[in-house]
Amino acid sequence: MTHICIFGAGAIGGYVGAALHEAGAKVSLVARGPHLEAIRADGLGLEKDGKVTRYSLPASDRPADLGPQDYVILAIKAHTIPMILDDLMPLLGGDTTVVPAVNGLPWWYFHKAQTGTALDEKPLQAVDPGGRVWNKIGPQRAIGCVVYPACEIAAPGLVKHLDGDRFTLGEPSMEQSERVKTLSSLMIAGGLKAPQKPRIRDEIWVKLWGNCSFNPVSALTGATLDAIGNDPESRALVHAIMTEVKSVGEAIGVRFSVPIEKRIDGAAAIVGHKPSTRQDIEAGRPLEIDPLVTAVLELAERLGIETPALAHVTALLKLQAETLGLYSRG
């Protein structure tokens, strides 16, 4: 039996944990606070298509209680990974695979990337200051994961699925591997879509395109995706940011299969939705700025690419977040 720990059994973590349990994996959860207490008392609840199912799964706020795993899925904010390293270590055996199910550029990004630049086999400082994650976990443990579902915690212990069921997986080396195949097969058996993509970085950047353009604009204005996409001046700003980000990605070998206008239209078609950064502001949660935008600015600077639109919007976003007490540049 495959042992899988979901580190961060919140909205996305709870959803994927339930699916993997349905597939027959031995799933355990790391959670905290009232959410953990409710899971221990009544099981993890998943509401999908109007039906609530409860899952009795081992759960703890002490990962050491759960022991070494075959897979650890990090379903937490990317910027919090350096903070949980000591807690994470008891879950890692000799062959444990770590799956960062995070937004933005992941800490392992330049492992086996073969970009032909000085960035290869180096950590991104914006998401892994001092290379602590790179050195402690080891990039060889990581596989790529791009998360598409939308879920929320409806109440402590209860995850509500809103939309989407795809988790794209891929090796940093672009090779096919048994560990990716095994996890993909389990996810599919649990009712998810889990395609295996050799060029996982391309998919990371297509999602990042929206995260680093629509997210800051929405965070600053409070506007929804459709309002931004249908406002000519805001749309022009998003287009300018996407053009800059495309230049950075292409400089390290990324292929963008979707035209910018189509990417904007796709986001604008989602009516009434505010991206995660704006949601975090309204909920008073710390903002996920560095993996989404600072990392791209770091690459642009190191590659000598001008990104004025992204830089100006990011400066305003960081000032706003610091003013609200939701971000620190330290």
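A compact table of results
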item	result
Wholly within the range 190-233, helices (runs of 4 or more DSSP H) carrying at least 1 residues that are acidic (Asp, Glu)	200-211, 225-230
Count of residues meeting criterion [under 14 Å from residue 205 (Cβ atoms), free of Cβ contacts under 8 Å to residues at least 60 places away in the same chain and touching a strand residue (DSSP E or B) at 6+ places or on another chain (Cβ under 7 Å)] in the range 100-116	0
Residue that is closer than 19 Å to residue 166 by Cβ and either part of a strand (DSSP E or B) or small (Gly, Ala, Ser) (or both), where the choices are 6, 12	6
Top-ranked residue in the range 167-186 [being within 18 Å of residue 109 (Cβ to Cβ) and β-branched (Val, Ile, Thr); ranked as surrounded by the fewest Cβ atoms within 10 Å (Cβ to Cβ)]	168
Some residue of the range 268-291 being part of a helix (DSSP H, G or I), touching a Pro at 6+ places or on another chain (Cβ under 9 Å), among the hydrophobic types (A, V, I, L, M, F, W, C) and touching a residue at least 40 places away in the same chain (Cβ under 8 Å)	no
Any chance residue 287 is surrounded by fewer than 20 Cβ atoms within 10 Å (Cβ to Cβ), of a type in the set (A, V, I, L, M, F, W, C) and out of contact with any Cys (no Cβ under 8 Å at 6 or more places or on another chain)	no
Any pair with Cβ under 9 angstrom, 6 or more apart, that starts in the range 1-26 at a residue that is at pLDDT 95 or above and ends at one that is hydroxyl-bearing (Ser, Thr, Tyr) and in a helix (DSSP H, G or I)	2/182; 8/80; 23/185
Test: residue in the range 42-50 that is more than 27 Å from residue 193 (Cβ to Cβ) and either crowded, with 24+ Cβ neighbours inside 10 Å or at pLDDT 95 or above (or both)	yes
Hits in the range 313-330 - residues which are of a type in the set (S, T, N, Q) and either surrounded by 12 or more Cβ atoms within 10 Å (Cβ to Cβ) or in a loop (DSSP other than H, G, I, E, B) (or both)	314, 320, 328
Pair list, Cβ under 9 Å, 6 or more apart: the range 146-160 residue touching a residue at least 12 places away in the same chain (Cβ under 8 Å) and under 19 Å from residue 77 (Cβ atoms), other residue part of a loop (DSSP other than H, G, I, E, B) and of a type in the set (A, V, I, L, M, F, W, C)	146/101; 147/75; 147/101; 147/102; 149/192; 159/9
Among residues of the range 164-191, those that are under 30 Å from residue 268 (Cα atoms) and in contact with a Ser or Thr (Cβ under 9 Å, 6 or more places away or on another chain), counted	2
Among the residues listed as 131, 138, 164, 144, the single one being in contact with a helix residue (DSSP H, G or I) (Cβ under 7 Å, 6 or more places away or on another chain) and assigned by TED's automatic domain parsing to the domain that holds residue 68	144
Strands (runs of 3 or more DSSP E) lying entirely in the range 51-155 (those with 1 or more residues that are closer than 28 Å to residue 1 by Cβ and basic (Lys, Arg))	51-55
Hits in the range 35-85 (condition: out of contact with any helix residue (DSSP H, G or I) (no Cβ under 9 Å at 6 or more places or on another chain) and of a type in the set (D, E, K, R))	37, 40, 42, 47, 49, 51
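Quick grid of which residues meet (1) under 16 Å from the mean Cα position of the chain (by Cα); (2) assigned by TED's automatic domain parsing to the domain that holds residue 317:
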| residue | (1), (2) |
| --- | --- |
| 160 | no, no |
| 170 | yes, no |
| 173 | no, no |
| 176 | no, no |
| 179 | no, no |
| 185 | no, no |
| 192 | no, no |
| 207 | yes, yes |
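The values are calculated or read from the model by the stated rules, or taken from the named source; none is laboratory data. The shown structure was predicted, so the numbers you read here are calculated from the model rather than taken from an experiment. Cβ: placed from backbone, ideal geometry, glycine included. Neighbour counts: every protein chain shown.
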